[in-house]
Amino acid sequence: QLTADGTLVAFHDDTLERLTDTAGPISARTFADLADLRVDDLAPIPAFADLLEAFPLLVFNVDLKGAGTEDLLPPLLERMGARGRVCVGSFSGARLAAFRRAAPEVLTSVTPGGVAWATHAFGLRRLRLDRGAAFQIPVRDERTPLELVRADVLRVAHATGRVVHVWTVNDEAEMNRLIDLGVDGLVSDDITTLKRVLVARGLWEG
């Protein structure tokens with residue numbers, strides 16, 4: 001998200017009320033305005049630059065949520081020498097396209113339109129795949145009964161050098177099912193359970 005004074009922050013929602021004791025859009029606040037707020041009464045809202053500096057060995061998966069984020073992230077990554085440490089996605093195809101023009105060497109996820117093509121076009125999908133390096137998708141499309149994470153989708157992704165990351169997976173049995181299916185990454189709110197599953201399967205790299 002982008003604050004009113006142009007600071008990129010790591011925060012999921014467009015507004016503050018679900019995760020803090022303050023309401024309103026985060027884009028209407030300066031970074032200084034956010035300093036006293038705590039996410040779930042625990043942690044401050046971090047500037048993304050601070051995360052890059054604090055965790056120099058981590059690779060970040062970044063979702064461009066607010067307008068203007070696509071303009072400010074490329075120079076931030078350049079300034080911090082972090083263009084090789086992110087994979088950037090967005091639910092806005094236009095926002096992601098603008099980011100790709102500004103930072104063509106940075107890895108990006110497949111656009112929502114590209115996901116729809118790859119999961120629905122079947123026999124035609126190999127002919128025109130989005131340039132993104134990763135499919136980052138939910139197990140199922142909320143608007144239709146179609147399951148998105150399927151063996152045929154994984155085959156197309158892997159055959160073309162792409163990876164598949166699935167969100168948001170908090171159930172242990174589902175984590176194991178998806179790993180057995182061949183997915184490359186899991187996004188979860190329950191990191192303790194995810195770590196336990198990965199350790200048990202010999203996949204934990206920490």
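The values are calculated or read from the model by the stated rules, or taken from the named source; none is laboratory data. These figures come from a predicted structure and were not determined experimentally. All Cβ positions, even for glycine, are placed from backbone atoms using ideal geometry, and neighbour counts span all protein chains on display. What goes into the accessible areas is simple: the full protein's heavy atoms, side chains included, and nothing from ligands, DNA or RNA. Shrake-Rupley method; radii C 1.70, N 1.55, O 1.52, S 1.80 Å.
Every condition in (1) part of a helix (DSSP H, G or I); (2) of a type outside the set (Gly, Ala, Ser); (3) touching a Ser or Thr at 6+ places or on another chain (Cβ under 6 Å) holds for Val88 except the one numbered (1). Comparison of Gly113, Gly123, Gly93 shows that the only residue that is at pLDDT below 95, open to solvent by 20 Å² or more (accessible area, probe 1.4 Å) and under 17 Å from Val62 (Cβ atoms) is Gly93. Just to be sure before I move on: is Arg131 within 21 Å of Ala157 (Cα to Cα) and not in a helix (DSSP H, G or I) in the structure I sent? Criteria met by Arg131.
Examine the range 66-81 for a residue that is open to solvent by 30 Å² or more (accessible area, probe 1.4 Å), part of a loop (DSSP other than H, G, I, E, B), touching a residue at least 40 places away in the same chain (Cβ under 8 Å) and not aliphatic (A, V, I, L, M), and state whether such a residue exists. The answer is no; no qualifying residue exists. For the condition among the β-branched types (Val, Ile, Thr) and open to solvent by less than 50 Å² (accessible area, probe 1.4 Å), Val169 qualifies. Of the candidates Glu174, Glu142, the single residue that is open to solvent by 30 Å² or more (accessible area, probe 1.4 Å) and closer than 21 Å to Gly89 by Cβ is Glu142.
Filtered by the rule that a residue be within 18 Å of the chain's Cα centre (by Cα) and either touching a residue at least 60 places away in the same chain (Cβ under 8 Å) or not in a strand (DSSP E or B) (or both), the range 1-25 gives Gln1, Leu2, Leu8, Ala10, Phe11, His12, Asp13, Asp14.
Would you pick out the residues in the range 177-201 that are open to solvent by less than 70 Å² (accessible area, probe 1.4 Å), assigned to a helix (DSSP H, G or I) and under 18 Å from Gln136 (Cα atoms)?
Correct list: Leu178, Ile179, Leu181, Leu194.
Within the range 134-174, the residues that satisfy the criterion of being in a helix (DSSP H, G or I) and charged (D, E, K, R) are Asp152, Arg155, Glu172, Glu174.
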